[in-house]
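Q: Before I ask anything, here is the structure I am working with.
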Amino acid sequence: MNTAATGITATANMPLQLIDLTLEYPDGQGTVKALDAVNLGVGAGQMLSLIGPSGSGKSSLLAAAATLIRPASGLVIIDGTTASDLNDAQMTTLRREKVGIIFQQPNLLASLTAVEQLMISDHLRGKPLKPAKARALELLEIVGLADSAKKRPHQLSGGQRQRVNIARALMGEPKVLLVDEPTAALDNTRSESIVRLLAHVTKEFSVATVMVTHDTEFISLTDAVASMRDGVLGLPELVGV
Ligand SMILES: Nc1ncnc2c1ncn2[C@@H]1O[C@H](COP(=O)(O)OP(=O)(O)OP(=O)(O)O)[C@@H](O)[C@H]1O
């Protein structure tokens, strides 16, 4: 199968590949097809904007790519590993090690400082605390929060909380970053800076990023856009400079 044809641009290093992905949900007596033979490849250092009307399947695509739901058919390949070949425990490990997920709401723990929010995610992966702190501080600097490492969520703005969320998703050194409406709760200026930051870390850490968004005005900050309709994914179009 020629998967390169579905990628944003041809590249040997494609951390995220979706091949002929079909996903159905039960709906009364029948089923609703949320993903209909979806093919997509996102290369290392590439960021794709995913747009489409409500109910077109964007969240389903992200959930399948994140290995949070198993497709009815087709393949999800993360950094060369075919997720559908794995059992649930192996899939969880793959997700933990290779996938960073950023939701609309940061879901930070109220009692922890910014640096602790990042360290705990490494701690849950069984990693030692000392290098985790160094990496957490480095990531906070990259996302523009060097001076806010000791602040708790209530001391941060919405945009700053989203920056902590982005830094936290990068702690595990993911190969794939899946981002669901990261700017939905933010004003225009903050939205733009968050999309710029996501585009920056995509390049800086060579991750394959897919961002679901309704903010079409910031799509030009990303490399490509693809739109969904009724579970069918259109071909990605290059938009970046
Ligand atoms: N858990 C579920 N059970 C049944 N049907 C579902 C479920 N989740 C989604 N669907 C259906 O699957 C289709 C795709 O939904 P999905 O949430 O992926 O779309 P979306 O493009 O992300 O929408 P939105 O922009 O509103 O978030 C829709 O018809 C939706 O009603």
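What follows is calculated from the coordinates using simple rules that are stated; it is not laboratory data. Fair warning: this is a prediction, and the values are worked out from it, not measured in the lab. Neighbour counts run over all protein chains shown; Cβ positions are idealised from the backbone, glycine included.
Q: Quick check: pseudo-label points 7 Å beyond the Cα along Cα→Cβ at residue 151 and residue 232, how many nm apart are they?
A: 4.7
Q: Can you give the relative contact order of the chain as a percent, counting alpha carbon pairs under 8 Å and 6+ residues apart?
A: Details: 511 pairs, mean separation 69.2, N = 241.
So the answer I get is 29 percent.
Q: Still on this model: Once you've got the GNM for the chain with C-alpha springs shorter than 10 Å, pick whichever of 80, 100, 231 has the biggest mean-square fluctuation.
A: 80
Q: Here is a follow-up. If you average 1/r across every pair of different Cα atoms in the chain and take the reciprocal, what Kirkwood value do you get, in Å? Each step should come with its number before you reach the end.
A: Details: mean 1/r = 0.0551 Å⁻¹.
Across the chain, the inverse of the average 1/r is 18.2 Å.
Q: Can you give the local net charge around residue 88? Use residues other than it whose beta-carbon is closer than 13 angstrom to its beta-carbon, Lys and Arg +1, Asp and Glu -1. Numbers along the way, then the final one.
A: Details: positive: 70, 95, 96; negative: 85.
Result for the local shell: +2.
Q: Moving on. HN-Hα J couplings of region 227-234 from phi, Karplus 6.51/-1.76/1.60, θ = phi - 60°, integer Hz, Gly and Pro as x?
A: 10, 10, 8, 6, x, 9, 9, x
Q: Give the lysines reachable from residue 58 as a straight Cα distance under 30 Å; neighbours fewer than 8 places away on the same chain don't count.
A: In chain and number order, the partners are 33, 98, 175, 203.
Q: If you don't mind, another one. What list of whole percents do you get for P(r) of region 103-152, with Cα-Cα distances grouped in 5 Å bins up to the one holding the largest distance?
A: The percentages, shortest bin first, are 5, 23, 28, 27, 15, 2.
Q: Between residue 216 and residue 129, how high is the FRET efficiency from 1/(1 + (r/R0)^6) when r is the Cβ-Cβ distance and R₀ = 45 Å? Nearest 0.05.
A: 0.60
Q: Now, a different point. Given H placed on each backbone N at 1.01 Å, which residues far from residue 151 in sequence or on other chains put an amide H within less than 5 Å of it?
A: 114, 115
Q: Right, something else. How would you rank 58, 33, 175, going from fewest to most other Cβ atoms within 10 Å of each one's own Cβ? List each step's numbers first, then the result.
A: On the way: 58 25, 33 18, 175 22.
Starting with the residue having the fewest Cβ neighbours, the order is 33, 175, 58.
Q: Can you sort 200, 214 so the residue with the fewest Cβ neighbours within 10 Å comes first?
A: On the way: 200 15, 214 12.
Placing the least packed residue first, the sequence is 214, 200.
Q: If you take the charge dipole of the chain about its Cα centre, with +1 on Lys and Arg Cβ and -1 on Asp and Glu Cβ, which of 182, 145, 43 is farthest toward its positive end?
A: 145
Q: If you don't mind, another one. Summing Lys, Arg as +1 and Asp, Glu as -1, what charge do residues with Cβ under 15 Å from the Cβ of residue 134 carry, residue 134 excluded?
A: Details: positive: 127, 130, 133, 135; negative: 116, 122, 138, 141, 173.
Here the count lands on -1.
Q: So what are the ³J(HN,Hα) numbers for region 208-217, from phi and the Karplus equation (6.51, -1.76, 1.60; θ = phi - 60°), rounded to whole Hz, Gly and Pro as x?
A: 9, 10, 10, 10, 7, 8, 9, 7, 5, 5
Q: For residue 13 and residue 59 in the same chain, what is the full-extension length gain: residue separation times 0.36 nm, less their Cα-Cα distance, in nm? Let's see the in-between values first.
A: Details: separation 46, 0.36 × 46 = 16.56 nm, distance 2.46 nm.
Taking 0.36 nm per residue and subtracting the Cα distance, the gain is 14.1 nm.
Q: Report the one residue of 117, 28, 69 whose Cα lies farthest in the direction of the positive end of the charge dipole of region 1-126 (charges on C-beta: Lys and Arg +1, Asp and Glu -1; origin at the Cα centre).
A: Highest projection toward the positive end goes to 117.
Q: Also, quick follow-up: By counting other Cβ atoms within 10 Å of each Cβ, how are 70, 163, 135 ranked from fewest to most?
A: Working: 70 15, 163 25, 135 19.
Least crowded to most crowded, the residues run 70, 135, 163.
Q: Treating the angle as unsigned and between 0 and 90°, give the value, to the nearest 10°, between the Cα long axis of helix 114-124 and the longest Cα principal axis of the chain.
A: 60
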